[in-house]
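Peer 1: Handing you a structure now.
None of the figures in this text is laboratory data; all of them are computed from the coordinates on show. Since we're looking at a predicted model, the values are computed, not measured. Reconstructed Cβ throughout: ideal geometry from the backbone, glycine too, with neighbour counts over all protein chains shown.
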Amino acid sequence: MGEVIVITSGKGGVGKTTTTANVGTGLAKLGKKVVLIDTDIGLRNLDVVMGLENRIVYNLVDVVEGNCRIKQALIKDKRYPNLYLLPSAQTRDKTAVNPEQMKKLADELREEFDYILMDCPAGIEQGFKNAIAGADSALVVTTPEVSAVRDADRIIGLLEANEIKSTHLIVNRLRSDMVKRGDMMSSDDVVEILAVDLIGVVPDDENIVVSTNQGEPLVGNDSLAGQAYMNICRRVIGEQVPLLDLSGKSGLLAKLASIFKKNN
Amino acid sequence: MGLAEFFKKKSSGNVAKDRLKLVLVSDRANCSPEIMEQIKNDIINVISKYVEIDAEGLDIKITQTESEGNNGTVPALYANIPIKDLKTPKK
């Protein structure tokens, strides 16, 4: 039986879709059978981040409305044969799907996949309710900013109220240079405020923009963000992995490495 | 207080953390301004039976305090009630 994980944040633009793409791809890299579901109906994004936008035939709403079978709507990833995407509909809105339907869909996919990742839309309305309906656990993404942390706190409360037992935090876009000089909250600060278990810290890394431009998740490559996402994946499957050192030598080395790569 | 601590207090990261802690306490308490106003009025009514207070200067807010047990900071209702005059007992 597979596990259904919702990736959510409350606030928009903190990196839910990037996280879904990278964690999903990383789990596939680790040999798991994974399906990513874009639940943001009307604002389809996960397909372009995954580089699969040209292969869409059917979408989530088609599946729910019975216009096609689930298998027909699943898009196989370019690189990993055990990774699939169920894209969202672009021309409909959140009301096209309800939580019961999402729960049923999740339960069907559970039979066949190890991990079902739900990419949640921003906000706490219908789209959020749809995305969490079938979920067993949640990854809450936040950045070390007051607005994102406040929204994350609200989301964590709502997840608890909806009896999602296991909630883990990802602190995204951390800038260790700013933390060092005291101009950004550290991941410890955020964890202290939200009182929830940390599953990973992802640095603010230009490589993310590059990888998104190319439609190829960077999880597992030697960039800092790639390593950080891979560590998160290992923790998701239950391995004990120490937190990545985001400052100092490793950062410099990774930067040098990326400079050399660009020149080649 | 050392110099380091003095600078630490001023850093924007710590300002953010302190502001968040406060705003989340009232977010979590889910206390609307109307309810706070009612609490305030009720407090005024009760205290006024015994002492004369400055209703204008009365200030209540939900904040955090160190608990006396070992469970860290806990939410607290803070009330600052200026007393004008202890009522002289009748008779």
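Peer 1: Report D for the protein assembly as shown in µm² per second (integer): Stokes-Einstein, Kirkwood Rh on Cα pairs, 20 °C, 1.002 mPa s.
Peer 2: Once the numbers are plugged in, D ends up at 94 µm²/s.
Peer 1: Can I ask one more? By the gyration tensor of its Cα atoms, with a ≥ b ≥ c the square roots of the eigenvalues, what is the shape of segment A:1-126: rounded for a/c under 1.5, prolate for a/b over b/c, or oblate?
Peer 2: The shape class here is rounded.
Peer 1: I'd like the Karplus ³J(HN,Hα) series for segment A:182-194: coefficients 6.51, -1.76, 1.60, θ = phi - 60°, whole numbers in Hz, and an x wherever there's a Gly or Pro.
Peer 2: Whole-Hz 3J(HN,Hα) from phi for segment A:182-194: x, 9, 8, 5, 7, 5, 4, 4, 5, 5, 4, 5, 8.
Peer 1: Note the per residue figure in Å³ for the convex hull of the C-alpha positions in segment A:91-167.
Peer 2: For segment A:91-167, the hull spanned by Cα atoms encloses 110 Å³ per residue.
Peer 1: Is the shape of segment B:3-86 rounded, prolate or oblate, going by the alpha carbon gyration tensor and its root eigenvalues a ≥ b ≥ c, with a/c under 1.5 for rounded and a/b larger than b/c for prolate?
Peer 2: prolate
Peer 1: Related question: How would you rank A:Asp245, A:Asp151, going from fewest to most other Cβ atoms within 10 Å of each one's own Cβ?
Peer 2: A:Asp245, A:Asp151
Peer 1: Further question on the same structure: Would you pull out the residues with amide H under 5 Å of B:Ala76's amide H, same chain only if 5 or more places away, H placed 1.01 Å from N?
Peer 2: For B:Ala76, the qualifying residues are B:Thr63, B:Gln64, B:Thr65.
Peer 1: Kindly provide log₁₀ I(q)/I(0) values, in the same order as q = 0.21, 0.22 Å⁻¹, from the Debye equation applied to equal alpha-carbon scatterers of segment A:1-55.
Peer 2: Taken in order of the listed q values, log10 I(q)/I(0) reads -0.86, -0.94.
Peer 1: Taking 7 Å along the Cα-to-C-beta vector as the label spot, tell me the B:Lys21-A:Ala161 distance in nanometres, rounded to one decimal.
Peer 2: For B:Lys21 paired with A:Ala161, the spin-label model returns 2.6 nm.
Peer 1: Next question, about the same structure. If the only charges are +1 at each Lys and Arg Cβ and -1 at each Asp and Glu Cβ, what is the size of the charge dipole of chain A around the Cα centre, to the nearest 20 debye?
Peer 2: So the magnitude is around 700 debye.
Peer 1: Which cross-chain or sequence-distant (5 or more) residues have an amide H under 5 Å from the amide H of A:Gly10, H modelled 1.01 Å from N in plane?
Peer 2: Sorted by chain and number, the residues that satisfy this are A:Gly123.
Peer 1: How tilted is helix A:16-29 with respect to the longest principal axis of chain A? Cα atoms for both, answer in degrees (0 to 90, nearest 10).
Peer 2: Approximately 90 degrees, to the nearest 10.
Peer 1: Right, next: For A:Val210 and A:Val241, what does the FRET efficiency come to when R0 = 30 Å and r is the distance between their Cβ atoms, rounded to the nearest 0.05?
Peer 2: E between A:Val210 and A:Val241, to the nearest 0.05, is 0.75.
Peer 1: Considering amide H positions built from the backbone, and no H for Pro or chain starts, which residues 5 or more places from A:Ser166, or on another chain, come under 5 Å of its amide H?
Peer 2: A:Ala138
Peer 1: Using θ = phi - 60° and the Karplus curve 6.51 cos²θ - 1.76 cosθ + 1.60, what whole-Hz ³J(HN,Hα) does each residue of segment A:148-162 get, with Gly and Pro shown as x?
Peer 2: Per-residue couplings from phi come out as 5, 5, 4, 5, 4, 4, 5, 4, 4, x, 5, 5, 4, 4, 8 Hz.
Peer 1: Exactly which trypsin sites (Lys or Arg not before Pro) in segment B:28-71 are in a DSSP loop and have at most 14 other Cβ atoms within 10 Å?
Peer 2: B:Lys49
Peer 1: Additional query: Which whole-Hz couplings ³J(HN,Hα) result when phi for each residue of segment A:176-181 is put into the Karplus expression 6.51 cos²θ - 1.76 cosθ + 1.60, θ = phi - 60°, listed in order with x for Gly and Pro?
Peer 2: 5, 5, 6, 4, 4, 8
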